[in-house]
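J.: First the structure, then my questions, so here it is.
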């Protein structure tokens, strides 16, 4: 399947999911492994899914190639958030329950494009390379 046909298939199937924010949780190379100590990775994912049920789509992906910032979570805006100018927000070092709770609170209040994130999330935000961003969109 070519990139173009993958994108078209993805766009066709993404209609309902795009209505709400999407939270992509890295669980590849370093994220979600014992390399990041002091965090119950399974519990983090379970808590995100439970807290965001109905408010966001939570998906797990393989390595996002930002291993130096493990654990990485990407918050993509809802349709309304994108229309309002919201863009995906990459968050690194999401290694404690408080940061996870801040992400949930932000999404519950609208997420990218609709509400500003809690100030503490600014410390976790980063810009990945264009190549890495493009791979997430595929």
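J.: Can you name every residue in region 83-100 that is surrounded by 17 or more Cβ atoms within 10 Å (Cβ to Cβ) and assigned to a helix (DSSP H, G or I)? Before the answer, list the steps.
T.: Within region 83-100, the subset surrounded by 17 or more Cβ atoms within 10 Å (Cβ to Cβ) is 86, 88-92, 94-95, 99-100.
Correct list: 99, 100.
J.: Consider residue 47 against the criteria (1) within 15 Å of residue 124 (Cα to Cα); (2) at pLDDT 95 or above; (3) surrounded by fewer than 16 Cβ atoms within 10 Å (Cβ to Cβ): it satisfies all of them except one. Which criterion is unmet?
T.: Exception for residue 47: condition (1).
J.: Suppose we filter region 18-44 for residues that are part of a strand (DSSP E or B) and either in contact with a helix residue (DSSP H, G or I) (Cβ under 7 Å, 6 or more places away or on another chain) or surrounded by fewer than 17 Cβ atoms within 10 Å (Cβ to Cβ) (or both); how many remain? Please lay out each step first, then the result.
T.: Kept after step one, since they are part of a strand (DSSP E or B), are these residues of region 18-44: 22-26.
Cutting the leftovers down to either in contact with a helix residue (DSSP H, G or I) (Cβ under 7 Å, 6 or more places away or on another chain) or surrounded by fewer than 17 Cβ atoms within 10 Å (Cβ to Cβ) (or both) gives us 23-25.
Going through region 18-44 one residue at a time, the tally reaches 3.
The values are calculated or read from the model by the stated rules, or taken from the named source; none is laboratory data. Not measured: the values here are computed from a predicted model. When we count neighbours, we look across all protein chains shown, and the Cβ atoms used for this are built from the backbone with ideal geometry, even at glycine.
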